[in-house]
Each structure stands twice: as structure tokens, then as C-alpha cells.
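The values are calculated or read from the model by the stated rules, or taken from the named source; none is laboratory data. None of the values given here were measured: they were computed from a predicted structure. Backbone-built Cβ (ideal geometry, glycine too); neighbour counts: all protein chains shown. Surface accessibility is based on the protein's heavy atoms, side chains included, excluding ligands, DNA and RNA. Shrake-Rupley method; radii C 1.70, N 1.55, O 1.52, S 1.80 Å.
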Amino acid sequence: MRVWQAAFAPPAAELAPQPADLVLVFGSFDIFVGPDLAARLASAFPGAVIAGCSTAGEIAGDAVLDGSCTVTAIRFDRGGDAVAVEADIASADDSQQAGEVLGEALAARPGLSGVLLFARGVGVNGSALIDGLSSRLSAGLPVSGGLAGDGGAFVRTLVLGPSGVSDSRAVAVGLYGGSLHLGLGSVGGWEPFGPARKVTKAVGNLLLQLDGEPALNVYKRYLGDYARDLPASGLLFPFELLNGNHDSVGLIRTILGIDEAAGGLILAGTVEEGFFLRLMHASTDGLVDGAEQAGAIAAAGSEGGGGAEGDRLALLVSCVGRKLVMGDRVEEEVQAVADRMGPGAVLAGFYSYGEIGPMRDLVDCRLHNQTMTVALLTER
């Protein structure tokens, strides 16, 4: 496998034609909304599967960029193949069905070894999308990816797939062939604080009550002065999801919006009544340590890959909330992953509105928030 990467910012230079099987593209909303991005990519990489999304920041090598576009081309040498399928998501209610459509299309072809999933980042229930996808795939199949961003505006996000650029779509890339392998790792690095509170009323990703009290009231009380900056300040104080024994289940939920009339919080993923939530906060050092752990887990779970430059791809998807917390030190978490990947790995990825990666058992993939997820693609 050979991996080649370029990054550009407006005015964009022409992309020289390159032989490739798969091209992953992550860029700012302004670049993605341009009229000719899909056409230029198709011209530069004829016959390649092209997929990606708009972001809240781009990752290229060990650097974090803003307002740019990163293009990563992969060529398989040992019989690997990639196929992209897509499904419409007109509203969050369509998420489950869209996942099922994607899963059925991917499973119809034999030899599926992994999936990369990219979807709109607003107007979507990421948990339902992944549940729908997983319901049509073999148990334990590695799935990674993330939800698109728009620079932190949370207004309109874009996805690139076979039909071009869309603001209402999910795209899944199926990796086929026994030579391809995805090693996955997902770690947060946030610290819990305050008591655990029971979810007493929730509908999908709308959290309405905690311990019988309007969830928005509880959240504002704990945030104090930060409450006046909601919903933006919600990225700094996510929830940890706990089971009935108050043990962490390995999922974090970000607050994407508020419903003043209902007294509720709009979360990036589903929560279920009867579970418990606890607030979290983070330091830069804690988040960097979490990113390093994610890289170590992904590297340990990979197979093949010898060490020559450009023979492996490390796909990093990290949350925009982590970027806000770390500020000018955000590149440290990417550099920590790069150190764990070692020579030969090309790093690409983006800052997202939801990350897709494994649970702690490294089997079931779920929607994460505030997490660094790493997928290391190798060809045996």
C-alpha cells in the first residue's frame, strides 16, 4: 500500500493526476461548498473512490490546519479494494434507516474487512446511524470515521461521496480483501466531576430530565457563569454515560444545543432512560495522554505494514470540543499519536461533531464525543 498526501488553501493549486484506489478528502466548509471540488478531484484521481467531509479543523501529518483541504490518496498493492455507497439523511429521524441502507449495500459484496463512515454533522442522530449500519454487518467488523463539521458553527455540514457534495447524506467506504486491516483505538482523557444523575426522561438524543428535574436547569446550575454561553460552552462540559452501577460504559455525550421550551439538552448521540450521566472536564495534558493511548491501542491492533515511508494510513478523528479546550496546544495530541504510529504512517483526519470508534471491548463501534479515535489502515 502506498499513501500520498497534499494540503492546500485557497487559492488552490492544481492537483497533479495520481494513480489511486481510494482518496480521502477533509476540508473547511468554504472549500467544500465551492462549485468545482468534486470535479477537480475526479480529474486528478480518475477511477478512484473519493469520500470525505467538511470539518472543524483538518489533520495532516502532525499538524492541525484551519481553512484548508487535505487530500490523501491510497493505492493498494496486494489486491485490496474500496467501494463507496451513500444514503440520504433528510432529518435526524432518517438516521437509522440510512445506516441500514449503507450496511445492506456494503454487505452485498463478499470480502468486507472494514468500513469508514462519514455523515452530516447536524440534523443527524449519529448513534442511530451507526446502529442501523451495524445491524446489517457482521459482528465485530471494524468501523471508524466521524460526523462532518462546519468550523464550530453547527449550522450546515457537507459530505463528499459518489454523487458529489451534499449537506444531507452519509457516505460509507467499504474496504474489501483479506489483505486490508483496520486497527482501532478510541480514548477520551476527560475527568468526571459532581454526582451521577439518573436519566428520568429522554427521547432519542433529547435529554429532558435528570433525577426528575429539567435537564437544562441542572446543567445551568453546574455550569455557573459558563451557562450564559450555552450552547457553545457545552463543548467544554460533556456528559459521561454510566450504567445502573454508576460504572462508565466508555461513552461521552456532547451538548450540541438547548431546548428552552422543553427544558432539555440536545446531545450528539442517544441516551436511554434509566442510565446515569455525570459531568466531565479536561486539561490539555489529560487529553494529550488520551490521544497517545488511542494511538497505542490502534498500533497494537494493526497487522502488516513494514515501516517504509507512506505504507500505512492513520486516520485521526478528534472532537471540536477537544480543540477548544487545548487551544494553541491542540497539535500536541496529534503529535502524540504520530509518535505512537512510528515511521511509515501517514496521518490524516479532521476535527468532528462526533467520532466513530470501538467501545472498550474493541469490538462494538459506537458514536463517541470528545474522543480521539484512531484507525490504522495497513495492507498485509
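When the chain is treated as a GNM with alpha-carbon contacts under 10 Å, the residue of Leu106, Leu223, Leu256 showing the greatest mean-square fluctuation is Leu223.
Rounded to the nearest whole Hz, the Karplus-based 3J(HN,Hα) values (6.51 cos²θ - 1.76 cosθ + 1.60, θ = phi - 60°) of region 81-88 follow the sequence 8, 9, 9, 10, 10, 9, 8, 7, with x at glycine and proline. Annotation: amide H-H contacts under 5 Å for Gly52 (H modelled 1.01 Å from N, sequence separation of 5 or more, or interchain): Val25, Leu160.
The candidate values are (i) 22.1; (ii) 21.2; (iii) 20.4; the one derived from this structure for Kirkwood radius over Cα pairs in Å carries the label (iii).
The angle between the Cα long axis of helix 284-300 and the main principal axis of the chain comes to about 50°, on a 0 to 90 degree scale. Amide H contacts of Gly257: Ile266, each under 5 Å away and 5 or more positions distant or on a separate chain (H built 1.01 Å from N in the peptide plane; Pro and chain starts excluded). Note on Arg228 and Asp364: the model spin-label points, each 7 Å out from Cα along the C-beta direction, lie 4.3 nm apart. In this structure, the amide hydrogen of Gly357, modeled 1.01 Å from its nitrogen in the peptide plane, lies closer than 5 angstrom to those of Arg366, His368, counting only residues at least 5 positions away or on a different chain. Solvent-accessible surface (1.4 Å probe) assigned to Glu379 amounts to roughly 10 Å². Across region 25-33, rounded Karplus estimates of 3J(HN,Hα) from the backbone phi angles (6.51 cos²θ - 1.76 cosθ + 1.60, θ = phi - 60°) give 10, 10, x, 5, 4, 4, 6, 5, 7 Hz, Gly and Pro being marked x. Between helix 95-107 and the chain there is an angle of about 30 degrees, using the helix long axis and the longest principal axis of the Cα atoms. Only Cα sites of region 193-234 enter the Debye sum here, all with the same form factor; the resulting log10 I(q)/I(0) across q = 0.31 1/Å is -1.09, listed in q order.
Whole-Hz Karplus values for region 317-332 come out as 10, 10, 7, 4, x, 5, 4, 5, 5, 7, x, 5, 9, 4, 5, 4 Hz, taken residue by residue from phi with 6.51 cos²θ - 1.76 cosθ + 1.60 and θ = phi - 60°; glycine and proline positions read x.
Along the axis of the charge dipole computed for the chain (Cβ charges of +1 for Lys and Arg, -1 for Asp and Glu, origin at the Cα centre), the listed residues Leu180, Val330, Val374 are led at the positive end by Leu180.
Annotation: extensible slack from Asp66 through Arg278 equals 73.1 nm (criterion: 0.36 nm per residue apart, minus Cα-Cα distance). Using +1 at the Cβ of each Lys and Arg and -1 at the Cβ of each Asp and Glu in the chain, identify which of Phe237, Ser135, Pro192 lies farthest towards the dipole's positive end. So the residue furthest toward the plus end is Ser135. Short-range pairs are left out: with C-alpha atoms under 8 Å and at least six residues apart, the relative contact order of region 331-380 is 24 percent.
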